[in-house]
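*Asks:* The structure is given below, and queries will be raised subsequently.
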């Protein structure tokens, strides 16, 4: 009897490892096309291209990475990983993308192992002794593929800047896995110090890659409740004591993050962005994350908070509140529903609008850690359906194989299309313009056209941006006039350049505008008017940039 049980346990372990390896290989193959992607002019310059910190892999790098923030964030392990890439690849994007791919494939395998630990603790479809040799590893593989191949992962893998996502994922998943091992070993042997220490160590490493993992203690408590069943009367205090080191580290990291982001001026005050607006923007974000998890069509790399905020955001927020209440209520009889919802929501909290530090409404990359729970639950649900709907091993094989094929073809197809979005900066912004035209998208693509010498195309993009400028962009529209004027100047359309710079100067008399209008006037054969503008601009007019309304004009006077 005991030998037969041991054989079953051995099968479970071998099946889990095989499923983890297969999930990693499939994800690796699916994301190989990202090796042809380049850098994007959105954060990649700050993180890699213009980041002098990563240029030297020495003791000064480690000191700088751990003692001060860079690009507004304290994430030393991420900077060190970029420095290692730079050491071997310099500014060849292939190496950076290769690292992202490898990290993500390992993470997909770790999700399989986490699912295995959870299912072994509380089987969702039957006892371990009755596990079908195809169904169980198939369920684990499905969980790993649902996570690893989902189109929402593309942004985290194909964008070099999001190294912090996949690196944080590696250590976050490692921490969760070792914690589950700790709980199960402690239940059997009464002690598991090594697993606990490893879980805590991986948690520390995750925090040094990206601060979003501060929520892991809450996720572990959910696992303690279900499926681990550790929050029983008389054991609650001991379970909470286990979390004290995790909670202390989370509190310290939270304070560091707020301190550094406040210093960098990234945090938006509640005076500028009131609570009720943050609430509905957060609710809309959660709604969209749920929608994209179930229906991954229309994924964009950039979603700005609209100004003004539409009524639809409030409607979606109401739906999310109702859904949350239903999941919590259902947890009394079906705890897996509530547990899945909680481990989805908790990792989203740090990136919702309550702690807004930018102008994005939501982003696909923020679903990296939150998607683990739903992926595992979905794998179990499909496995339960297969078990109830079929009766023989051959039927099991056919049903599970069909599901795998559908998932692979659907996800890989959408993922392949989305990877193309990250090949060039122009493709990136064109994707946004095609589905959700934004001022920033037209402006950024216009800058790319300008840099490529495509001045007329740049003029068209700046003109399109001016037509839809609203809210804050309406008050700073002089920047678009100046950018278009610069494109007119480069294209040799001097009269139009003078008109645009004159309009820009009427709103903000910046010396950079005077200098460039002077160039246009000089080209038109108006030396006296040009000389007057050159006098206003001074000897150092500075580069063109995006200026605020209260920007210092740099000494320029007059209109």
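The values are calculated or read from the model by the stated rules, or taken from the named source; none is laboratory data. Given the structure is predicted, the values throughout are model-derived calculations rather than measurements. When we count neighbours, we look across all protein chains shown, and the Cβ atoms used for this are built from the backbone with ideal geometry, even at glycine.
*Asks:* So if I check each of 70, 97, which one is touching a helix residue (DSSP H, G or I) at 6+ places or on another chain (Cβ under 7 Å), closer than 26 Å to residue 440 by Cα and without any contact (Cβ under 8 Å) to a residue 40 or more places away in the chain?
*Replies:* Just one listed residue meets the conditions, 70.
*Asks:* Of the conditions (1) touching a residue at least 24 places away in the same chain (Cβ under 8 Å); (2) loosely packed, with under 14 Cβ neighbours inside 10 Å; (3) more than 30 Å from residue 135 (Cβ to Cβ), residue 50 clears all except one; give me its number.
*Replies:* For residue 50, the exception is condition (1).
*Asks:* In addition: Answer yes or no: is there a residue in region 132-143 that is at pLDDT 95 or above, crowded, with 24+ Cβ neighbours inside 10 Å, part of a helix (DSSP H, G or I) and in the same structural domain as residue 38 (by TED's automatic domain parsing).
*Replies:* no
*Asks:* Has region 350-359 got at least one residue that is in contact (Cβ under 8 Å) with a residue 40 or more places away in the chain, within 15 Å of residue 226 (Cα to Cα) and assigned to a helix (DSSP H, G or I)?
*Replies:* The answer is no; no qualifying residue exists.
*Asks:* Continuing with the same structure: Consider only pairs whose beta carbons are under 9 Å apart and that are at least six residues apart or on different chains; among these, list those whose first residue lies in region 264-276 and is more than 26 Å from residue 318 (Cβ to Cβ) and whose second residue is modelled with pLDDT under 80 and surrounded by 10 or more Cβ atoms within 10 Å (Cβ to Cβ).
*Replies:* Correct list of pairs: 264/357; 266/357; 266/358; 267/356; 267/357.
*Asks:* Tell me, which residue of region 226-248 that is part of a helix (DSSP H, G or I) and crowded, with 19+ Cβ neighbours inside 10 Å is nearest to the chain's Cα centre (by Cα)?
*Replies:* Among them, the one singled out is 246.
*Asks:* Does residue 14 satisfy the criteria of being surrounded by fewer than 21 Cβ atoms within 10 Å (Cβ to Cβ), modelled with pLDDT under 95 and assigned to a helix (DSSP H, G or I)?
*Replies:* yes
*Asks:* If you scan region 56-91, which residues turn out to be out of contact with any strand residue (DSSP E or B) (no Cβ under 9 Å at 6 or more places or on another chain), surrounded by 14 or more Cβ atoms within 10 Å (Cβ to Cβ) and more than 23 Å from residue 172 (Cα to Cα)?
*Replies:* Hits for region 56-91 are 57, 61, 86, 87, 89.
*Asks:* Also, quick follow-up: I'm trying to understand the selection: among the residues of region 199-248, which are without any contact (Cβ under 8 Å) to a residue 24 or more places away in the chain and closer than 25 Å to residue 331 by Cβ?
*Replies:* 221, 231, 232, 233, 234, 235, 236, 237, 238, 239, 240, 241
*Asks:* Determine if region 510-533 includes at least one residue that is touching a helix residue (DSSP H, G or I) at 6+ places or on another chain (Cβ under 8 Å), within 24 Å of residue 473 (Cα to Cα), at pLDDT below 95 and assigned to a loop (DSSP other than H, G, I, E, B).
*Replies:* yes
*Asks:* Checking residue 213 against (1) touching a helix residue (DSSP H, G or I) at 6+ places or on another chain (Cβ under 8 Å); (2) in a loop (DSSP other than H, G, I, E, B), which test does it fail?
*Replies:* The failed condition is (2).
*Asks:* Looking at (1) at pLDDT 95 or above; (2) in contact with a helix residue (DSSP H, G or I) (Cβ under 7 Å, 6 or more places away or on another chain); (3) in the same structural domain as residue 522 (by TED's automatic domain parsing), which is the only condition residue 427 fails?
*Replies:* Unmet condition: (3).
*Asks:* Could you please let me know if residue 53 is part of a helix (DSSP H, G or I) and modelled with pLDDT of 95 or more?
*Replies:* For residue 53, the condition - part of a helix (DSSP H, G or I) and modelled with pLDDT of 95 or more - is not met.
*Asks:* I'm trying to understand the selection: among the residues of region 322-351, which are surrounded by fewer than 14 Cβ atoms within 10 Å (Cβ to Cβ) and touching a helix residue (DSSP H, G or I) at 6+ places or on another chain (Cβ under 7 Å)?
*Replies:* Residue satisfying the conditions is 328 alone.
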